[in-house]
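The values are calculated or read from the model by the stated rules, or taken from the named source; none is laboratory data. From a predicted model like this one, the values you see are computed outputs, not experimental measurements. Cβ: placed from backbone, ideal geometry, glycine included. Neighbour counts: every protein chain shown. Just so you know, the surface numbers come from the protein's heavy atoms only, side chains and all, with ligands and any DNA or RNA stripped out. Shrake-Rupley method; radii C 1.70, N 1.55, O 1.52, S 1.80 Å.
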Amino acid sequence: MSASAMTTIATGVQTLHPPTWVEGNPSLHRITDDIAGPLEGKPGKGWWICFGIAFAALLNLGGMVTYLIASGIGVWGLNNSVGWAFDITNFVFWVGIGHAGTLISAILLLFRQKWRTSINRSAEAMTIFAVMCAGLFPAIHMGRPWDAFFIFPYPNQRGPLWPNFRSPLVWDVFAISTYLTISLVFWYLGMIPDLATMRDRLKDKIGKIDKIRKSVFGILSLGWNGSHRTWARYEIVSLVLAGLATPLVLSVHSIVSMDFATSLIPGWHTTIFPPYFVAGAIYSGFGMVLTLLIITRQTMHLERYITVKHLDKMAKVTMLTGMLVSYGYFSEFFSAWYSGNFYERFHFINRATGPYAWCFYLMVLCNVITPHALWWKKMRQSVVALFVISILVNIGMWFERFVIIVVSLHRAFLPSGWGMFYPTAIDIGVLVGAFGLFFTCFLLFIRFLPMIAIWEIKGVAEQAVHEVIVQEDEARVAHA
């Protein structure tokens, strides 16, 4: 069927449209070439520039962490009043970034949402790299990471001296390690058919590098042969893993919120925290997915597969979770006023009028006001507008965690315990370095592995063509 025939088939009964999630009606061979082809050549100039910047930030992270461990965490701006600051802010931020990957790969798979197919691979990779960044901060926050085994829940002779098994911090270890394990397995499992495709494309090439790559892809593809039995078992395993991963979307950030909600500090002990943190995690995660996919879509010329309709769907989820986060802000202020608790009221008044008020209003601007722009379809389908909004979302969500942590701690119950936090160069350097680690990993991923699921794109394209043919036949019969 020609592209023009698929574009509009006037039958007098209805008008049929082309496949919605893949533009241009490409052949299956063209899909493979478009996605796998760039991995076989040399990277472009843009990739090298981005990689150079990201790797420089990663080297900066290595230097900062080395100096931090050698000197102690006193080189941060922490003090007796503010014992958690950039370190735990970054930890919660990066854990939240990873939530979009699990949502897209697991929940949307269970609900059979076709629009996930072009973005799930990158989102899953983003999850793994974000959790890697998150895991860095609790370790270096200890000051003596070589003694980290003290907190592990294993039988020991120290009694209750170090491990507190009732602490939410121990729950974090189990939740996040489980989250990372399931996400890593899900990501790798989804790539096996594409790794076999890359292996087969290198079959007739005899270059030294090609032989090495063929061996690597051959090992990683686990002997995939594409038989009907293999596909049937593969789909069953995918659904089982999706079912296991789905509760993690709700559990992981709920448990992270318990780090705060189980305390007595004003602004923390509130029952809205678990759903509020989950909504915020998905909100920031989709913001980062939008940022990454818009950049790779434009630089790697994948507009055919990451379409404006994909961006529109992600923008709608971002808008929904932004509204939920806004409701969480309102609920916090309302509860503080309605409870009549003097300390709670003072804390939220201090958020809006205290020395960190600028952080609070920047958070409100980015997280409450910005999502309302997505009510307009033109904004949801404007690549430039979505890129700007995604950046603002991530800035706002970082400042949300900063406000929750630092602003809550810098005014204790007694004025004698009050103090200000001022970030040092090491604080800023570790923050920048974490982004360097994340983007270095992501750039290496899109350079050496298919960032879009080839086999899923083919399935969506074939199914869409089949649906058009069926609709055409039905329309002709009805017209006759």
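What pairs come up if the first residue lies in region 87-115 and is closer than 25 Å to residue 398 by Cβ, the second is part of a helix (DSSP H, G or I) and among the basic types (Lys, Arg), and their beta carbons are under 6 Å apart, counting only those six or more places apart or on different chains?
89/401; 92/401; 93/401; 104/116
Report, by residue number, each residue of region 233-268 that is among the hydroxyl-bearing types (Ser, Thr, Tyr), in contact (Cβ under 8 Å) with a residue 40 or more places away in the chain and not in a helix (DSSP H, G or I).
If the condition is that a residue be among the hydroxyl-bearing types (Ser, Thr, Tyr), in contact (Cβ under 8 Å) with a residue 40 or more places away in the chain and not in a helix (DSSP H, G or I), then 262 is the only one that fits.
Return yes when residue 210 is at pLDDT below 85 and outside any helix (DSSP H, G or I) and no when it is not.
no
(1) closer than 24 Å to residue 177 by Cα; (2) among the polar types (S, T, N, Q); (3) crowded, with 17+ Cβ neighbours inside 10 Å: which one isn't true of residue 262, the others all being true?
For residue 262, the exception is condition (3).
Determine which member of the set 401, 351 is basic (Lys, Arg), within 20 Å of residue 137 (Cα to Cα) and open to solvent by less than 20 Å² (accessible area, probe 1.4 Å).
Among 401, 351, only 401 is basic (Lys, Arg), within 20 Å of residue 137 (Cα to Cα) and open to solvent by less than 20 Å² (accessible area, probe 1.4 Å).
Which of the residues spanning region 85-105 are farther than 18 Å from residue 187 by Cβ and either surrounded by fewer than 19 Cβ atoms within 10 Å (Cβ to Cβ) or among the aliphatic types (A, V, I, L, M) (or both)?
Result: 85, 88, 92.
Name the residue that is nearest to the chain's Cα centre (by Cα), counting only residues in region 78-105 that are among the polar types (S, T, N, Q) and either at pLDDT below 90 or not in a helix (DSSP H, G or I) (or both). Break it down into steps so the answer makes sense when it comes.
Step one: of region 78-105, the residues among the polar types (S, T, N, Q) are 79-81, 89-90, 102, 105.
Now drop any that are not either at pLDDT below 90 or not in a helix (DSSP H, G or I) (or both), which leaves 79-81, 102, 105.
Numbers: 79: 31, 80: 33, 81: 32, 102: 8, 105: 11 Å.
Of everything passing the filter in region 78-105, 102 is nearest to the chain's Cα centre (by Cα).
Does at least one position in region 125-136 carry a residue that is over 28 Å from residue 68 (Cα atoms) and modelled with pLDDT of 80 or more? If you could, list the steps in order and put the result at the bottom.
Just the residues of region 125-136 that are over 28 Å from residue 68 (Cα atoms), to begin with: 125.
Next, only the ones that are modelled with pLDDT of 80 or more stay: 125.
Looking through region 125-136, at least one residue is over 28 Å from residue 68 (Cα atoms) and modelled with pLDDT of 80 or more.
Please name all residue pairs, on different chains or six or more residues apart, with Cβ atoms under 9 Å, provided the first residue is in region 413-428 and is under 24 Å from residue 342 (Cβ atoms) and of a type outside the set (D, E, K, R) and the second residue is open to solvent by 30 Å² or more (accessible area, probe 1.4 Å) and in a helix (DSSP H, G or I).
Pairs that qualify, where the first residue is under 24 Å from residue 342 (Cβ atoms) and of a type outside the set (D, E, K, R) and the partner is open to solvent by 30 Å² or more (accessible area, probe 1.4 Å) and in a helix (DSSP H, G or I), are 413/343.
Within region 328-340, restricting attention to residues that are without any contact (Cβ under 8 Å) to a residue 12 or more places away in the chain and in a helix (DSSP H, G or I), which residue is least open to solvent (accessible area, probe 1.4 Å)?
339
Quick one: is residue 108 open to solvent by 20 Å² or more (accessible area, probe 1.4 Å), part of a helix (DSSP H, G or I) and either at pLDDT 90 or above or out of contact with any strand residue (DSSP E or B) (no Cβ under 9 Å at 6 or more places or on another chain) (or both)?
yes
Pull up region 111-142, narrow it to residues that are of a type in the set (Val, Ile, Thr) and not in a helix (DSSP H, G or I), then point me to the one that is farthest from residue 177 (Cα to Cα).
Only one residue fits best here, namely 117.
When only residues in region 408-439 that are in a helix (DSSP H, G or I) and over 26 Å from the mean Cα position of the chain (by Cα) count, which is farthest from residue 68 (Cα to Cα)?
Restricting to residues being in a helix (DSSP H, G or I) and over 26 Å from the mean Cα position of the chain (by Cα), the top hit is 415.
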